[in-house]
Protein chains: 2
Amino acid sequence: MQPDPLSSTFAALADPTRRAILARLALGETSVMELAAPFDMSLPAISKHLKVLEHAGLISRGREAQWRPCRIAPVAFKEVDGWLGNFRRFWDESFNRLDGLLEEMKADEAAKANTKAPPRSKRKVRVKKEKQGGRTRG
Amino acid sequence: MQPDPLSSTFAALADPTRRAILARLALGETSVMELAAPFDMSLPAISKHLKVLEHAGLISRGREAQWRPCRIAPVAFKEVDGWLGNFRRFWDESFNRLDGLLEEMKADEAAKANTKAPPRSKRKVRVKKEKQGGRTRG
DNA sequence: CGGTTAAATAACCTATAGGTTAAATACGGC
DNA sequence: GCCGTATTTAACCTATAGGTTATTTAACCG
(Lines give C-alpha, C1' and ligand atoms only; values in the text may rest on other atoms or scores of the structure.)
Protein backbone atom coordinates (compact mmCIF):
# COMPACT_ATOMS: atom_id res chain seq x y z
CA MET A 1 0.00 0.00 0.00
CA GLN A 2 1.07 3.51 -0.85
CA PRO A 3 2.52 5.92 1.69
CA ASP A 4 0.43 9.00 1.01
CA PRO A 5 -3.32 8.97 1.62
CA LEU A 6 -4.31 10.35 -1.77
CA SER A 7 -2.42 7.60 -3.56
CA SER A 8 -4.06 4.83 -1.57
CA THR A 9 -7.46 6.41 -2.12
CA PHE A 10 -7.02 6.64 -5.88
CA ALA A 11 -5.58 3.14 -5.96
CA ALA A 12 -8.61 1.88 -4.07
CA LEU A 13 -10.91 3.55 -6.58
CA ALA A 14 -9.05 2.04 -9.52
CA ASP A 15 -10.87 -1.29 -9.21
CA PRO A 16 -14.37 -1.81 -10.66
CA THR A 17 -15.32 -4.29 -7.94
CA ARG A 18 -14.47 -1.79 -5.26
CA ARG A 19 -16.34 0.99 -7.01
CA ALA A 20 -19.37 -1.29 -7.30
CA ILE A 21 -19.12 -1.98 -3.58
CA LEU A 22 -19.09 1.75 -2.91
CA ALA A 23 -22.11 2.20 -5.17
CA ARG A 24 -23.95 -0.41 -3.15
CA LEU A 25 -22.93 1.27 0.09
CA ALA A 26 -24.26 4.56 -1.18
CA LEU A 27 -27.68 2.93 -0.79
CA GLY A 28 -26.94 2.32 2.87
CA GLU A 29 -24.91 0.38 5.40
CA THR A 30 -24.78 -3.39 4.92
CA SER A 31 -22.95 -6.65 5.72
CA VAL A 32 -20.00 -8.26 3.98
CA MET A 33 -22.22 -11.16 2.87
CA GLU A 34 -24.65 -8.87 1.11
CA LEU A 35 -21.84 -6.89 -0.42
CA ALA A 36 -20.27 -10.06 -1.76
CA ALA A 37 -23.49 -11.49 -3.21
CA PRO A 38 -23.42 -9.79 -6.65
CA PHE A 39 -19.87 -10.87 -7.41
CA ASP A 40 -18.55 -14.09 -8.87
CA MET A 41 -15.70 -14.04 -6.41
CA SER A 42 -14.70 -15.71 -3.17
CA LEU A 43 -15.45 -14.11 0.18
CA PRO A 44 -11.81 -13.63 1.11
CA ALA A 45 -11.39 -11.61 -2.06
CA ILE A 46 -14.22 -9.31 -1.01
CA SER A 47 -12.75 -9.13 2.47
CA LYS A 48 -9.49 -7.91 0.98
CA HIS A 49 -11.28 -5.32 -1.13
CA LEU A 50 -13.02 -4.03 1.96
CA LYS A 51 -9.75 -3.78 3.79
CA VAL A 52 -8.34 -1.72 0.94
CA LEU A 53 -11.37 0.57 0.98
CA GLU A 54 -11.16 0.98 4.73
CA HIS A 55 -7.45 1.67 4.64
CA ALA A 56 -8.11 4.28 1.97
CA GLY A 57 -10.63 6.02 4.20
CA LEU A 58 -13.49 5.36 1.80
CA ILE A 59 -15.49 3.19 4.16
CA SER A 60 -15.72 2.55 7.89
CA ARG A 61 -16.93 -0.56 9.65
CA GLY A 62 -19.02 -1.22 12.70
CA ARG A 63 -19.56 -4.33 14.75
CA GLU A 64 -22.92 -5.96 15.28
CA ALA A 65 -22.83 -9.50 16.61
CA GLN A 66 -20.99 -11.56 14.00
CA TRP A 67 -21.57 -8.96 11.32
CA ARG A 68 -19.23 -6.14 10.44
CA PRO A 69 -21.48 -3.64 8.68
CA CYS A 70 -19.77 -1.28 6.25
CA ARG A 71 -20.71 2.27 5.42
CA ILE A 72 -19.38 5.10 3.30
CA ALA A 73 -16.80 7.30 5.04
CA PRO A 74 -16.77 10.89 3.79
CA VAL A 75 -13.13 11.82 4.48
CA ALA A 76 -11.40 10.23 1.50
CA PHE A 77 -14.09 11.33 -0.93
CA LYS A 78 -13.66 14.85 0.31
CA GLU A 79 -9.92 14.71 -0.22
CA VAL A 80 -10.31 13.43 -3.76
CA ASP A 81 -12.79 16.16 -4.51
CA GLY A 82 -10.45 18.74 -3.04
CA TRP A 83 -7.59 17.57 -5.20
CA LEU A 84 -9.79 17.50 -8.26
CA GLY A 85 -10.80 21.07 -7.51
CA ASN A 86 -7.37 22.29 -8.60
CA PHE A 87 -8.24 21.20 -12.12
CA ARG A 88 -11.90 22.11 -12.18
CA ARG A 89 -11.32 25.17 -14.33
CA PHE A 90 -10.19 22.87 -17.15
CA TRP A 91 -13.63 21.43 -17.70
CA ASP A 92 -16.28 23.14 -15.59
CA GLU A 93 -17.63 26.17 -17.38
CA SER A 94 -19.81 27.35 -14.54
CA PHE A 95 -16.79 27.15 -12.27
CA ASN A 96 -14.92 29.45 -14.59
CA ARG A 97 -17.75 31.94 -14.53
CA LEU A 98 -17.79 31.86 -10.74
CA ASP A 99 -14.03 32.19 -10.62
CA GLY A 100 -14.18 35.20 -12.91
CA LEU A 101 -16.80 36.77 -10.70
CA LEU A 102 -14.70 36.26 -7.60
CA GLU A 103 -11.73 37.88 -9.30
CA GLU A 104 -13.91 40.79 -10.28
CA MET A 105 -14.87 41.24 -6.65
CA LYS A 106 -11.28 41.03 -5.48
CA ALA A 107 -10.31 43.65 -8.05
CA ASP A 108 -13.03 45.98 -6.84
CA GLU A 109 -11.80 45.47 -3.31
CA ALA A 110 -8.28 46.40 -4.38
CA ALA A 111 -9.56 49.44 -6.24
CA LYS A 112 -11.19 50.67 -3.08
CA ALA A 113 -7.96 50.24 -1.09
CA ASN A 114 -5.58 51.84 -3.60
CA THR A 115 -6.50 54.97 -5.45
CA LYS A 116 -4.13 53.72 -8.09
CA ALA A 117 -5.28 50.21 -9.03
CA PRO A 118 -2.69 47.54 -9.89
CA PRO A 119 -2.75 46.17 -13.44
CA ARG A 120 -5.36 43.45 -13.89
CA SER A 121 -3.67 40.20 -14.84
CA LYS A 122 -5.42 38.22 -17.55
CA ARG A 123 -5.94 35.08 -15.53
CA LYS A 124 -4.15 34.17 -12.38
CA VAL A 125 -3.10 30.54 -12.37
CA ARG A 126 -2.22 29.01 -9.11
CA VAL A 127 -1.60 25.42 -8.17
CA LYS A 128 -0.55 24.80 -4.64
CA LYS A 129 1.83 21.93 -4.29
CA GLU A 130 -0.17 18.74 -3.64
CA LYS A 131 -1.12 19.59 -0.02
CA GLN A 132 -3.95 21.94 -1.01
CA GLY A 133 -6.81 22.41 1.35
CA GLY A 134 -8.79 22.46 -1.82
CA ARG A 135 -11.70 24.45 -3.00
CA THR A 136 -14.88 22.87 -1.81
CA ARG A 137 -18.11 23.59 -3.59
CA GLY A 138 -20.32 26.26 -2.20
CA MET B 1 -3.92 -1.66 -18.21
CA GLN B 2 -7.48 -1.86 -17.08
CA PRO B 3 -10.36 -2.39 -19.48
CA ASP B 4 -12.76 0.34 -18.35
CA PRO B 5 -11.80 4.00 -18.67
CA LEU B 6 -12.63 4.98 -15.10
CA SER B 7 -10.33 2.30 -13.73
CA SER B 8 -7.39 3.39 -15.85
CA THR B 9 -7.99 6.99 -14.88
CA PHE B 10 -8.05 6.27 -11.17
CA ALA B 11 -5.03 4.01 -11.55
CA ALA B 12 -3.20 6.79 -13.31
CA LEU B 13 -4.02 9.18 -10.49
CA ALA B 14 -2.82 6.72 -7.86
CA ASP B 15 0.81 7.69 -8.35
CA PRO B 16 2.33 10.78 -6.71
CA THR B 17 4.77 11.35 -9.57
CA ARG B 18 1.92 11.42 -12.06
CA ARG B 19 -0.14 13.74 -9.89
CA ALA B 20 2.86 16.06 -9.60
CA ILE B 21 3.17 16.03 -13.38
CA LEU B 22 -0.48 16.99 -13.68
CA ALA B 23 0.03 19.79 -11.16
CA ARG B 24 2.88 21.10 -13.28
CA LEU B 25 0.75 20.86 -16.41
CA ALA B 26 -1.98 22.84 -14.71
CA LEU B 27 0.43 25.77 -15.01
CA GLY B 28 0.56 25.25 -18.74
CA GLU B 29 1.72 23.07 -21.61
CA THR B 30 5.37 21.96 -21.50
CA SER B 31 7.96 19.50 -22.76
CA VAL B 32 8.89 16.07 -21.43
CA MET B 33 12.33 17.35 -20.44
CA GLU B 34 10.91 20.10 -18.27
CA LEU B 35 8.37 17.74 -16.77
CA ALA B 36 11.13 15.30 -15.88
CA ALA B 37 13.45 17.89 -14.33
CA PRO B 38 12.05 17.92 -10.76
CA PHE B 39 12.23 14.15 -10.39
CA ASP B 40 15.10 11.93 -9.38
CA MET B 41 14.13 9.45 -12.02
CA SER B 42 15.23 8.40 -15.49
CA LEU B 43 13.63 9.86 -18.58
CA PRO B 44 12.16 6.57 -19.74
CA ALA B 45 10.35 6.35 -16.43
CA ILE B 46 8.77 9.76 -17.03
CA SER B 47 7.98 8.72 -20.58
CA LYS B 48 6.08 5.74 -19.21
CA HIS B 49 4.21 7.88 -16.74
CA LEU B 50 3.17 10.20 -19.54
CA LYS B 51 1.97 7.28 -21.58
CA VAL B 52 -0.16 6.15 -18.66
CA LEU B 53 -1.59 9.64 -18.23
CA GLU B 54 -2.31 9.91 -21.93
CA HIS B 55 -3.93 6.49 -22.06
CA ALA B 56 -6.09 7.51 -19.12
CA GLY B 57 -7.28 10.59 -20.98
CA LEU B 58 -5.74 12.96 -18.44
CA ILE B 59 -3.29 14.57 -20.84
CA SER B 60 -2.88 14.99 -24.57
CA ARG B 61 0.29 15.58 -26.53
CA GLY B 62 1.24 17.74 -29.46
CA ARG B 63 4.25 17.74 -31.75
CA GLU B 64 6.63 20.63 -32.17
CA ALA B 65 9.94 19.80 -33.84
CA GLN B 66 11.69 17.31 -31.57
CA TRP B 67 9.48 18.20 -28.60
CA ARG B 68 6.23 16.56 -27.68
CA PRO B 69 4.50 19.13 -25.49
CA CYS B 70 1.95 17.80 -23.01
CA ARG B 71 -1.18 19.50 -21.76
CA ILE B 72 -4.10 18.71 -19.49
CA ALA B 73 -7.01 16.94 -21.20
CA PRO B 74 -10.37 17.66 -19.60
CA VAL B 75 -12.25 14.45 -20.47
CA ALA B 76 -10.95 12.10 -17.81
CA PHE B 77 -11.14 14.73 -15.08
CA LYS B 78 -14.73 15.31 -16.01
CA GLU B 79 -15.51 11.61 -15.78
CA VAL B 80 -13.91 11.31 -12.36
CA ASP B 81 -15.85 14.32 -11.16
CA GLY B 82 -19.04 12.83 -12.54
CA TRP B 83 -18.49 9.56 -10.74
CA LEU B 84 -17.62 11.37 -7.55
CA GLY B 85 -20.86 13.28 -7.87
CA ASN B 86 -22.79 10.16 -6.93
CA PHE B 87 -21.29 10.43 -3.48
CA ARG B 88 -21.23 14.17 -3.05
CA ARG B 89 -24.17 14.15 -0.65
CA PHE B 90 -22.01 12.22 1.82
CA TRP B 91 -19.71 15.12 2.49
CA ASP B 92 -20.84 18.30 0.79
CA GLU B 93 -23.28 20.20 2.98
CA SER B 94 -24.08 22.86 0.42
CA PHE B 95 -24.82 20.11 -2.10
CA ASN B 96 -27.33 18.64 0.30
CA ARG B 97 -29.02 21.98 0.66
CA LEU B 98 -29.20 22.37 -3.10
CA ASP B 99 -30.48 18.82 -3.46
CA GLY B 100 -33.19 19.49 -0.90
CA LEU B 101 -34.18 22.60 -2.78
CA LEU B 102 -34.41 20.73 -6.07
CA GLU B 103 -36.59 18.10 -4.48
CA GLU B 104 -38.79 20.79 -3.09
CA MET B 105 -39.21 22.19 -6.58
CA LYS B 106 -39.96 18.79 -8.06
CA ALA B 107 -42.57 18.22 -5.37
CA ASP B 108 -44.20 21.53 -6.18
CA GLU B 109 -44.19 20.59 -9.82
CA ALA B 110 -45.89 17.30 -9.02
CA ALA B 111 -48.41 19.05 -6.81
CA LYS B 112 -49.37 21.26 -9.73
CA ALA B 113 -49.83 18.25 -12.02
CA ASN B 114 -51.83 16.01 -9.67
CA THR B 115 -54.52 17.41 -7.46
CA LYS B 116 -53.71 14.50 -5.24
CA ALA B 117 -49.97 14.63 -4.52
CA PRO B 118 -47.96 11.40 -4.21
CA PRO B 119 -46.39 10.69 -0.83
CA ARG B 120 -43.11 12.52 -0.35
CA SER B 121 -40.30 10.05 0.06
CA LYS B 122 -37.81 10.97 2.75
CA ARG B 123 -34.77 11.07 0.49
CA LYS B 124 -34.48 9.76 -2.98
CA VAL B 125 -31.27 7.76 -3.38
CA ARG B 126 -30.04 7.07 -6.82
CA VAL B 127 -26.81 5.48 -7.91
CA LYS B 128 -26.23 4.80 -11.54
CA LYS B 129 -25.11 1.26 -12.06
CA GLU B 130 -21.55 1.15 -13.25
CA LYS B 131 -20.64 -0.63 -16.46
CA GLN B 132 -18.96 -3.41 -14.42
CA GLY B 133 -17.88 -5.36 -17.46
CA GLY B 134 -14.80 -7.50 -17.92
CA ARG B 135 -13.95 -9.43 -14.80
CA THR B 136 -11.53 -11.81 -16.42
CA ARG B 137 -10.30 -14.94 -14.77
CA GLY B 138 -11.25 -16.45 -11.49
C1' DC C 1 26.09 14.43 -44.52
C1' DG C 2 27.31 13.85 -39.30
C1' DG C 3 26.51 15.51 -34.72
C1' DT C 4 23.35 16.90 -31.02
C1' DT C 5 19.19 17.12 -28.55
C1' DA C 6 14.39 15.17 -27.37
C1' DA C 7 11.78 11.37 -26.63
C1' DA C 8 10.31 6.54 -27.13
C1' DT C 9 11.22 1.52 -27.19
C1' DA C 10 13.32 -2.86 -25.74
C1' DA C 11 14.75 -5.98 -22.41
C1' DC C 12 15.05 -6.75 -17.97
C1' DC C 13 14.25 -6.92 -12.63
C1' DT C 14 11.44 -6.81 -8.31
C1' DA C 15 7.57 -5.77 -5.46
C1' DT C 16 2.87 -6.11 -5.04
C1' DA C 17 -2.20 -6.33 -6.38
C1' DG C 18 -5.79 -9.38 -6.89
C1' DG C 19 -7.29 -13.69 -6.99
C1' DT C 20 -7.47 -18.77 -5.10
C1' DT C 21 -8.33 -22.65 -1.26
C1' DA C 22 -7.97 -24.09 3.43
C1' DA C 23 -7.90 -22.96 8.19
C1' DA C 24 -8.77 -19.84 12.06
C1' DT C 25 -11.46 -16.57 14.65
C1' DA C 26 -15.68 -14.23 16.59
C1' DC C 27 -20.21 -14.32 17.96
C1' DG C 28 -25.17 -16.01 19.10
C1' DG C 29 -28.30 -19.75 20.13
C1' DC C 30 -29.61 -24.04 22.10
C1' DG D 1 -19.77 -26.46 25.47
C1' DC D 2 -20.83 -27.25 20.89
C1' DC D 3 -22.73 -25.98 16.40
C1' DG D 4 -23.65 -22.79 12.68
C1' DT D 5 -23.02 -18.44 10.50
C1' DA D 6 -20.08 -14.36 9.33
C1' DT D 7 -15.72 -12.83 8.47
C1' DT D 8 -10.68 -12.77 8.58
C1' DT D 9 -6.06 -14.76 8.11
C1' DA D 10 -2.54 -17.72 5.97
C1' DA D 11 -0.17 -19.55 2.19
C1' DC D 12 0.15 -19.56 -2.29
C1' DC D 13 0.09 -18.24 -7.55
C1' DT D 14 0.33 -15.06 -11.62
C1' DA D 15 0.12 -10.79 -13.95
C1' DT D 16 1.63 -6.31 -13.99
C1' DA D 17 3.27 -1.62 -12.29
C1' DG D 18 7.17 1.03 -11.83
C1' DG D 19 11.74 1.38 -12.06
C1' DT D 20 16.50 0.49 -14.46
C1' DT D 21 20.16 0.72 -18.58
C1' DA D 22 21.05 0.36 -23.44
C1' DT D 23 19.38 1.19 -27.94
C1' DT D 24 16.54 3.45 -31.47
C1' DT D 25 13.83 6.93 -33.67
C1' DA D 26 12.97 11.73 -34.92
C1' DA D 27 14.04 16.32 -35.76
C1' DC D 28 17.07 20.36 -36.02
C1' DC D 29 21.65 22.53 -37.08
C1' DG D 30 25.97 23.66 -39.41
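What the table below lists for this structure:
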{"quantity": "Exercise: per-residue mean of other protein chain Cβ atoms within 10 Å, A:16-25", "calculated": "5"}
{"quantity": "Using distinct alpha-carbon pairs, which all enter the 1/r mean, Kirkwood radius of the stretch A:5-78 in Å", "calculated": "12.2"}
{"quantity": "Carbon/sulfur fraction of accessible area - the stretch A:4-101, other protein chains in place, 1.4 Å, %", "calculated": "57"}
{"quantity": "Exposure rank, largest accessible area first [B:PHE39, A:PHE39, A:PHE10; 1.4 Å]", "calculated": "B:PHE39, A:PHE39, A:PHE10"}
{"quantity": "Solvent-accessible area buried by A and B, counting both chains, probe 1.4 angstrom, square angstrom", "calculated": "3300"}
{"quantity": "Förster radius 30 Å - calculated FRET efficiency between B:LEU27 and B:GLU93 (Cβ-Cβ, nearest 0.05)", "calculated": "0.45"}
{"quantity": "Threshold 50 Å² - residues in the stretch A:51-78 whose accessible area is reduced by that much or more when the chain is no longer isolated, probe 1.4 Å", "calculated": "A:PHE77"}
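The values are calculated or read from the model by the stated rules, or taken from the named source; none is laboratory data. Everything numeric here is computed off the predicted structure, so don't read it as measured data. For neighbour counting, all protein chains shown are included, and Cβ atoms are generated from backbone atoms with ideal geometry for every residue, glycine included. Only protein heavy atoms, including side chains, enter the accessible area calculation; ligands, DNA and RNA are left aside. Shrake-Rupley method; radii C 1.70, N 1.55, O 1.52, S 1.80 Å.
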